[in-house]
Structure formats: structure tokens, C-alpha cells
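The values are calculated or read from the model by the stated rules, or taken from the named source; none is laboratory data. It should be emphasised that the depicted structure is a prediction, and the values quoted were computed from it without experimental measurement. Cβ placement follows ideal geometry from the backbone for every residue including glycine, while neighbour counts extend to all protein chains displayed. Heads up: the accessible areas ignore ligands, DNA and RNA and are worked out on the full protein's heavy atoms, side chains in. Shrake-Rupley method; radii C 1.70, N 1.55, O 1.52, S 1.80 Å.
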Number of protein chains: 2
Amino acid sequence: MRTTPSAGSLYQILADDLTAAISSGRLPAGSNLPSLRECAIQRKLSLNTVTAAYRLLEDRGLIVARPQSGFYVCSELAEPEFAFRRIAKDVVGAAQEDLMTAVLEAQQRPGHIDLAFAAPRGKKFYPGERLARMTSSVLRRQGNVVASYAMPPGSELLRDQIARRSQRLGMDLTADCIVLTHGAMEALHLALRAVTRPGDFVGIEAPSYFNLYPLLSALGLKAIEIPTHPQHGLDVDSVESVLAEKRVAALVAMPSVHNPLGCSMPVDAKQRLAKLLNQYKTPLIEDMVYAELQFLEPLAPTVKAFDHGGWVLACGGFSKTLAPDYRLGWIAGGRFSQAVQRLKFASSASESMLLSETVGQFLKSGGYERHLSSLRRLYFAQVATVRGLVAQFFPGGTRATQPAGGFVLWVELPPQVDSLKLFHAALEKGIVMMPGQVYAKGPRYRHYLRLSCCQEIDERFTSAVRTLGELAVKMQKDGNKAPKGR
Amino acid sequence: MRTTPSAGSLYQILADDLTAAISSGRLPAGSNLPSLRECAIQRKLSLNTVTAAYRLLEDRGLIVARPQSGFYVCSELAEPEFAFRRIAKDVVGAAQEDLMTAVLEAQQRPGHIDLAFAAPRGKKFYPGERLARMTSSVLRRQGNVVASYAMPPGSELLRDQIARRSQRLGMDLTADCIVLTHGAMEALHLALRAVTRPGDFVGIEAPSYFNLYPLLSALGLKAIEIPTHPQHGLDVDSVESVLAEKRVAALVAMPSVHNPLGCSMPVDAKQRLAKLLNQYKTPLIEDMVYAELQFLEPLAPTVKAFDHGGWVLACGGFSKTLAPDYRLGWIAGGRFSQAVQRLKFASSASESMLLSETVGQFLKSGGYERHLSSLRRLYFAQVATVRGLVAQFFPGGTRATQPAGGFVLWVELPPQVDSLKLFHAALEKGIVMMPGQVYAKGPRYRHYLRLSCCQEIDERFTSAVRTLGELAVKMQKDGNKAPKGR
């Protein structure tokens, strides 16, 4: 279990007791728990204690609350297996881009519920009011900021704060090696342009952040997929063989809280990876946009933390955690810093001083660290709850990741369920989901989907997941009935 | 003359009288005019009338004020000739990028005066306080804007305002064909990616906006330079031969107020160009970032205004005119709209709703139109004044453009003066200028430089232009003394 509440308190004893009952099968999957009040009377405990215990069980992904209906025991849900062990070329195609556009268009339909979008939506996930006040205060105090024309690398205050924060991830960045960017996406973009030329091969994870695919196409780059373990991330043996054969100009990876897998590479694997990069003089573009949303503290270090020769280009940002509207990212380009800074200037000049200084102030005030702590607890609970809903409503044989951080679940459906068909069926019911087909050119992720857990988990959300599960159950049944070879 | 003040007023009679004296040589170049007070006494006019007349002469580029020293008659200054009439390949090189980096670094040295940067610097050029108030008001009224995650195409309010404004430039854009971008630079970038592939040739002007060169390199594109007349812009006969031979995947040009030439194409040439694009089905990326800073009203239409088949991708922005810090640009991609929108999403997701809505409000309030009117007068006067300073201090044989809008001058030095050497000599004296070598790979613009006229023209500025002129005069003399063939 990932949470470590203070041991021995009454609510924990109750939670452990119920955990044991669930594990032993005395409380079977799908069964209804006593209501909070009933349980308090039965066990002679206060309502607060029972509430705390149930919450802990929810956090553990063992039970799930269904609005107006009480608490239910989740099914056991296995994690996806390490299925794709082959280094593969030619994995990016136009069909993916068309599908991404279809998803994007669906997301913009009014009235639809969006389980695809991987950015928190709703007030509770952001310190919006405090940020708004700080923005107004920067406007008041730095009267002429609107007329400023910042040049790269951008606000020193913010770069300095990013450098200080880097130590929590084991890095020792300095403000002068950091360039501010238009979101982490532009950071990836600049990094790729700094270390590759059109026609080059780039080593990527399987699956990768989906926006990487059109980015590679647009830059005329070809991808080599490196096997990626759903729990341990990039397979370092495979990386070594790719590097030794000099097959790639660069690697791109998310070793600390992967999107969509949710996993982090073990620290020793990161260390070994950093050593290989330095040995084979091959750059790694390390996307660490979710790294600060690791559920466990202290945070595990990034690959960059072990990079002695400057071969890692670290890319981060604040859109997932603090202020999506401010579109602020950053890149520490290691030995490629100067090229990155030039490219930034030539691509989009600079970032807004108003927005950068505001975020810099927020970080300096200590507000960001407090906010992140509460986000970690919140997303841990949200992900556990959605995992519980999947266990409850999705067909038998479904698997789902147990993320180490962030707010997305990677779900493996039974082989009879085609994710793209599910996408279209769900869309008819007003639900948008992210089909696995977005993550590869071929049929590799035909039975996978990504579920976002970063909005209010209310009745509407729960009901959408249930509908999605019911559609999948139906497809599974229809698939079983259908003649073979169809 | 480009200004059209109400005829027959006293100050204008005086101005016309002095203009005649200057034209006839009765007041020769370099001679001192009577002081305002002396003139008022001699001519029995009020001080206000004389001041207005002198200001008009300054606007006409005929006289120039030297702080603490009075008014002087400017030298006649010819305009650069149409010297480069050859269609040329392979015009972009790494040396240009190195030089641009050197200029960029010089611009960041504290205490230096920057005559190179083509973005207005100083409060008087922007409605900073009003924009700041509007920003705060958007924050107050749209409480949750910080937590919003806008998707392309971006704020409807702003797109709608851009569409309405497009009519002043003869266009009929609609909000739904516009995508907001991170400055006009990103618009160019997206446009190039939408219509080219690495390895393609792109037709560009000679010279072009200098950031286009690294952009082309970064995208793996090759440039074909199309002869560009310093007063009439792109040579349409040359364009036709390039299009007929299918030599380019696209064209990039600034037909309405060119940077660095300051010229606009005649309207009939724009019309013919649009026809050719449609005939040969070749896209034009039309950079109209200075188009609203045309000195003469009503504004001349853009090429896009004559584009019936959607072959023109119109790119604009607000960094030069309204709020450089807000980094807002836009693109109307014509028949490539959908590709542009996809690329925007994959490159940098979206623009800040806070900043977009603020600019949208500002436009809607009518404030932008008033602001532009005052900018046109201001830049007309500033450019005339700097032209006067060039006439006064630069070596004989120097030429300078007479811009149709905007705030840069393109200066042709005598052949003995190497612009790169001048750059280094000026840098030693704390002055940053933009050498012509930035604008081509070879020696083509060795004797040219761009001067920005978009800061306060105070004693410090005047003295910097004088120093630059004196350095050039010295180089010319040294060049004359040096043995041939050195």
C-alpha cells in the first residue's frame, strides 16, 4: 500500500480489519458494505472514525462509493503485462493523427463527458484564486510589464525557482541553464529540434505520450519503439542494444510517472540509463511533466539527476499542476543549452513576463509545495476510485495499471473488445474516451484505453464509467458469439 | 509627402515656405534653422504656430532637431536601388544564425543602446495601463480562467474581433477560420509546416524577415530568393517564372509593410500575385504583422484580400502594436486551416485564455483603433527623424528607404563600409545595430544595415546614431586609403 497514515489509530484498525475481510473473501467483490451509520453502531465507533476508515479503503482501491447507493467492494484488477518486447521501427502513421483529431473534435462537443483529456478540470485542482490575486499584484507592482518584450531564456525569478525545486528530484539545475517555453510541449519540440535532423531515427517508449507521434512526423523524424514495461518503464537492456547499434539520434522518455502508463522506472534503472547515455553520447529528452506528482514522498530522482555529461535534456512545466492557462514550461538542455535557446528565439521569441513572474512569485511563496502535497493525496484517491469503478463495471479479464503518480489509468480490455469501436459506441452515449489506437500505427493497442481521473468524481462521472464498462461487456459477449475469422 | 494636414493654416504656410527654401537650396543641407523664438519674432507668428510648422518639417524628413543645439536641414537621402535581380538558390547558412546569436547576446548587455531590436520599447508605444486594468478585470470577472485549458483555435471573442478587423485590410476573414498562436512567429512556423515537407524549396523575399532563415533551416527547408524591389516589394514577374517552373512548395512574403524594407507592394501587383497563386495552386504565407502600421489611411488591402481559392495563409499578431508581453498572434490558414489547427494542437496546445480575452476586450472597446491611429502618426514622425539623422551623420552616398509604414529603416552604406565591421566597432562604443549580413548567407548585404526607430528619440539615441555615422565615415575614408585588392 502506498499511503502511510499514523499507525494504530482506531480508524486504521477498522480499515485493516475490513482489508483482511476483503482479502480473505469474507467480503467478496461486488458486495455491499454496511452504511457508515450501521457500521458505527455495530462496532461502537464514532461516525468520524468509520468515515476515515472507509476513506482509507477507498484510497487503497479496495472499496468504491457509489452515490446514493453506498460502498461496494472492488474486484481484484490485475495490471497489464509486459507484452511487447520487440524493438519496432515505423510505428507512427497518419491514421493516428486522424484519430487524435477525431478525439479532439469529440472533446469539444458541448454536453459530452470527457474521460480522455489528461489535464485536471475544475476549481479544486488548482489554486486559481490565489494565482489570480498574484497576477493582479504583479500587474500593479510592475506597471510596464505589458509592454516588456522578454528575451529567452525568460524571467530570472521563475528560472531560479525551477532550479531550486529541481533538487527535490535529485537534480542540481541552475537558473542559467533553463529556458522558459510555451508549455512542456514546446520544450519537447525544441529539444527534438536541437538534437535531431529530419530523417533521423528517435527511440521512443511503447506507448508514448500521444502528442509525440504527430510531433515526430512534423519534424520528419522516424520512430523506433523500445519495449516499455507497464510497471517499470523503459527496458534498459533494449535501450543498450539500440544505443550500441547507433540506431537513434536521441531518445524521448518519461521515466518518472509515465503518461499513459503511470509507472516510474526503478532508481537503479534510471542510473544505468544515464550511464549508457553518457557512454554512447546519445541525448535523452526526459519529459518530467508529471514527476512532481509522484504519490510517494520523498520523490524519486529523475534520470537527469545521474547525468554527468549533460546528455539529458530535462523538460517540465506547470500546466498539469498549477495553471494550465498560463502555458508555462521549461527546458534545461544540458550540453545543448545554447542550441535550445537559439531555437526558442527563432520559434516563438519568448514567454510572457507577466505570467512567468506570477508563477515565480507563487513558487517563491511556498504555495506551490503545499499545493502539490494536497494534489498528491487527491490524485492518489481519485485514481484508486476510478480503478475501483473499472473493477466493478468493466468485463472480466480487464486489467488496469496501478500508477505511481499522476492521474491517468491505462486499461487493457479483453481481446474481444476493440477500443476504437468502444470509442464510437461511447461517443453515441455522450462519452469521450481515449482509444489505444492513438498510441501506435498498427493494431498493437487495439484493446487498450486511457482513462483520465482528473475531474470531479461525481454521479455523472461514475455513470459514464459504468456505461463505458457496460458497452465493453456487451462487445465482449458479441465477440464471443461471433464466428471465428470474421 | 505622406501627411495631409488641413491646408491653408498659418503653420502650414510657414512649413511650405521653408520646404521651398530647402528644395531650392536657399537653406542648404546641414544648415542651422533659426530657433523657434527667433523665427516667431522674425515672422510675427505665435510660438505655437512655428512649433507646429517645424514639427511638420520634421515629419516630412526635411529637418531634424538636435537636443540643446536647435534644428538642422537634412541632407537629401536617396533610396536604395533595385540591385539584386537574380533568382538565387541556397541563400541560408549557419553563419547567419551565428551572427544573429551574436546580435542577440549584444542586445542583452546592460547599458548598451539597442538600434537593432524591431519592437517598440517604452511606455509611450503601448496602452500598458489600460491593458493592465483590463487584464485585472478579466481575472475578476472570469474567476476560473487560470484553471481553464483552452483548446485551439482559442478565444472566440478575440478571433471574432480579428475577423472584424480584417475588413480594414480588404479581407473577409471569419472567426472559425482563425487559430490563435504564440505570437506571429509561431503562425509563420505552423504555416510552413502545414504546406511544406523537409527538403522542399520555399520562395522568399530578398531580404526577408531575419528569423525566417533559422526557421527554414530548422524545418529542413531550402530557400529560393526572389528579387524584391526596395520600394515595390516582391517582383511579380520573377514570382511567375518561379511558379511556372514549379520550383517552390510555397512562398513567404510581407507584401504590406515589409521588414526590413518598409515598402508595400502596389495594390495591382498584389492582385496579380493572388491570381498567380490560385492559378499555380501554390500557397503564400503572408506575414501581415506590420500591415496595420501603414502610414496612409485607408489601409491598402493585403494579398489575402484577392485570394479566392484559399491559397493564402494570413499571419498576424499584436506584439508589435499592442502588447509584446502577451505574445498573441493568429493565422487564417485558408484551405490549410484544418492542418494548421492540428499542428497548433500538437506543437503547443493553445494560447492563454486570460491574455486572449483581455486583448479581445481591448479590441472590442475600440481602444485598439484609436491606439493604432496615434501609432501611425508617431512612427511616421520617428522614422522621418531617424532618416534625417542618417542624412546628417552618415557618409555621403548612404541611401535609406522611405518606409510606407512600420518603424524600421533599411540603410545602404557606401561600398567601402562593411556592415559587420561597423557592428563590431559600434559594439565597442556600447551601440547594437543589425548588420546586413544577417539577411543573406553570402556578401550580398555587406553594406546594409537595419535601424529601428521605435524607442524614445532622445539625446542618447541621437548621439548613438551620430556615433554610428562617424564610425561609418571613418571606415569609408580608411577604405579609400587602403590599397586595392586588399
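With the structure loaded, tell me whether A:L354 is within 14 Å of another protein chain (Cβ to nearest Cβ) and open to solvent by less than 10 Å² (accessible area, probe 1.4 Å) or whether it fails that test.
Numbers: within 14 Å of another protein chain (Cβ to nearest Cβ): yes; open to solvent by less than 10 Å² (accessible area, probe 1.4 Å): yes.
Spelling it out, A:L354 is indeed within 14 Å of another protein chain (Cβ to nearest Cβ) and open to solvent by less than 10 Å² (accessible area, probe 1.4 Å).
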(message) Can you tell me how many residues within segment A:420-460 are open to solvent by less than 10 Å² (accessible area, probe 1.4 Å) and either in the same structural domain as A:D59 (by TED's automatic domain parsing) or of a type in the set (F, W, Y) (or both)?
(response) 3
(request) Select from segment A:88-112 the residues that are in a helix (DSSP H, G or I) and either at the interface with another protein chain (Cβ under 9 Å from one of its Cβ atoms) or under 17 Å from A:E456 (Cβ atoms) (or both) and list them in ascending order. (result) A:E97, A:M100, A:T101, A:L104, A:Q107
(request) Those residues that are in contact with a helix residue (DSSP H, G or I) (Cβ under 6 Å, 6 or more places away or on another chain) and free of Cβ contacts under 8 Å to residues at least 24 places away in the same chain, I need them from segment B:129-146; list them, please. (result) B:A132, B:S136, B:N144
(message) When you check A:S166 against the structure, is it open to solvent by 10 Å² or more (accessible area, probe 1.4 Å) and of a type in the set (S, T, N, Q), yes or no?
(response) no
(request) Examine segment A:327-335 for a residue that is more than 13 Å from every other protein chain (Cβ to nearest Cβ), assigned to a helix (DSSP H, G or I) and among the charged types (D, E, K, R), and state whether such a residue exists. (result) yes
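Collect the residues in segment A:270-291 that are open to solvent by less than 30 Å² (accessible area, probe 1.4 Å) and either within 20 Å of the chain's Cα centre (by Cα) or farther than 29 Å from A:A118 by Cα (or both), keeping them in residue-number order. Before you say what the answer is, go through the steps one by one.
In the first step, residues of segment A:270-291 are kept if they are open to solvent by less than 30 Å² (accessible area, probe 1.4 Å); the result is A:270, A:273-274, A:276-277, A:282-291.
A:K270, A:L276, A:L277, A:T282, A:L284, A:I285, A:E286, A:D287, A:M288, A:V289, A:Y290, A:A291, listed by residue number.
Residues being of a type outside the set (S, T, N, Q), outside any loop (DSSP other than H, G, I, E, B) and under 34 Å from the mean Cα position of the chain (by Cα): count how many of those fall in segment A:28-42.
Within segment A:28-42, the first condition is being of a type outside the set (S, T, N, Q), and the residues that meet it are A:28-30, A:33-34, A:36-41.
Those left that are additionally outside any loop (DSSP other than H, G, I, E, B): A:36-41.
Pick out the ones that are also under 34 Å from the mean Cα position of the chain (by Cα) and you get A:36.
Counting residues in segment A:28-42 that are of a type outside the set (S, T, N, Q), outside any loop (DSSP other than H, G, I, E, B) and under 34 Å from the mean Cα position of the chain (by Cα) gives 1.
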(message) Every residue in segment A:220-250 that is touching a strand residue (DSSP E or B) at 6+ places or on another chain (Cβ under 9 Å) and within 14 Å of chain B (Cβ to nearest Cβ), please.
(response) A:L221, A:K222, A:A249
(message) Could you tell me how many of the residues in segment B:336-357 are within 10 Å of B:L180 (Cα to Cα) and part of a helix (DSSP H, G or I)?
(response) 3
(request) Could you please find all residues in segment B:7-20 being modelled with pLDDT of 80 or more and surrounded by fewer than 19 Cβ atoms within 10 Å (Cβ to Cβ)? (result) B:S9, B:L10, B:Q12, B:I13, B:D16, B:D17
(message) Step by step: first the residues of segment B:113-138, then only those that are in a loop (DSSP other than H, G, I, E, B) and more than 7 Å from every other protein chain (Cβ to nearest Cβ), then the one that is nearest to A:R133 (Cα to Cα). Which residue is that?
(response) B:P127
(request) Determine whether segment B:147-158 contains at least one residue that is more than 25 Å from the chain's Cα centre (by Cα), more than 12 Å from chain A (Cβ to nearest Cβ), in a helix (DSSP H, G or I) and in contact (Cβ under 8 Å) with a residue 60 or more places away in the chain. (result) yes
(message) B:R193 - would you say it is assigned to a helix (DSSP H, G or I), within 14 Å of another protein chain (Cβ to nearest Cβ), under 28 Å from B:E351 (Cα atoms) and basic (K, R)?
(response) yes
(message) For segment B:52-64, check the following and say yes or no: at least one residue is touching a Lys or Arg at 6+ places or on another chain (Cβ under 6 Å) and at pLDDT 85 or above.
(response) no
(message) Among (1) out of contact with any Gly (no Cβ under 8 Å at 6 or more places or on another chain); (2) facing another protein chain (nearest Cβ under 9 Å); (3) more than 15 Å from A:R450 (Cβ to Cβ), there is one condition A:N144 misses while meeting the rest; what is its number?
(response) (1)
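Within segment A:306-324, is there a residue that is in a helix (DSSP H, G or I), open to solvent by 10 Å² or more (accessible area, probe 1.4 Å) and in the same structural domain as A:V359 (by TED's automatic domain parsing)? Break it down into steps so the answer makes sense when it comes.
Step one: list which residues in segment A:306-324 are in a helix (DSSP H, G or I), which gives A:306, A:324.
Okay, now just the ones that are also open to solvent by 10 Å² or more (accessible area, probe 1.4 Å), so A:306.
Keeping just the survivors that are in the same structural domain as A:V359 (by TED's automatic domain parsing) gives A:306.
Yes, the conditions are met somewhere in segment A:306-324.
With the structure loaded, tell me whether A:A381 is of a type in the set (A, V, I, L, M, F, W, C), surrounded by fewer than 24 Cβ atoms within 10 Å (Cβ to Cβ) and within 19 Å of the chain's Cα centre (by Cα) or whether it fails that test.
Values: of a type in the set (A, V, I, L, M, F, W, C): yes; surrounded by fewer than 24 Cβ atoms within 10 Å (Cβ to Cβ): yes; within 19 Å of the chain's Cα centre (by Cα): yes.
Yes.
Scan segment A:225-268 residue by residue and report those that are assigned to a strand (DSSP E or B) and farther than 19 Å from A:A194 by Cβ. Before you say what the answer is, go through the steps one by one.
First, the residues of segment A:225-268 that are assigned to a strand (DSSP E or B): A:225-226, A:228-229, A:233-234, A:250-253.
Answer for segment A:225-268, where residues must be assigned to a strand (DSSP E or B) and farther than 19 Å from A:A194 by Cβ: A:E225, A:I226, A:T228, A:H229, A:G233, A:L234.
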(message) Of the conditions (1) of a type outside the set (A, V, I, L, M, F, W, C); (2) open to solvent by 10 Å² or more (accessible area, probe 1.4 Å); (3) under 20 Å from the mean Cα position of the chain (by Cα); (4) within 14 Å of chain A (Cβ to nearest Cβ), B:Q338 satisfies every one except a single condition; which number is it?
(response) (3)
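Suppose the filter is basic (K, R), assigned by TED's automatic domain parsing to the domain that holds A:S256 and touching a helix residue (DSSP H, G or I) at 6+ places or on another chain (Cβ under 8 Å); does A:R193 pass it? Can you show your working first?
Numbers: basic (K, R): yes; assigned by TED's automatic domain parsing to the domain that holds A:S256: yes; touching a helix residue (DSSP H, G or I) at 6+ places or on another chain (Cβ under 8 Å): yes.
Spelling it out, A:R193 is indeed basic (K, R), assigned by TED's automatic domain parsing to the domain that holds A:S256 and touching a helix residue (DSSP H, G or I) at 6+ places or on another chain (Cβ under 8 Å).
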(message) Restricting to segment B:196-212, count the residues that are aromatic (F, W, Y) and facing chain A (nearest Cβ under 10 Å).
(response) 1
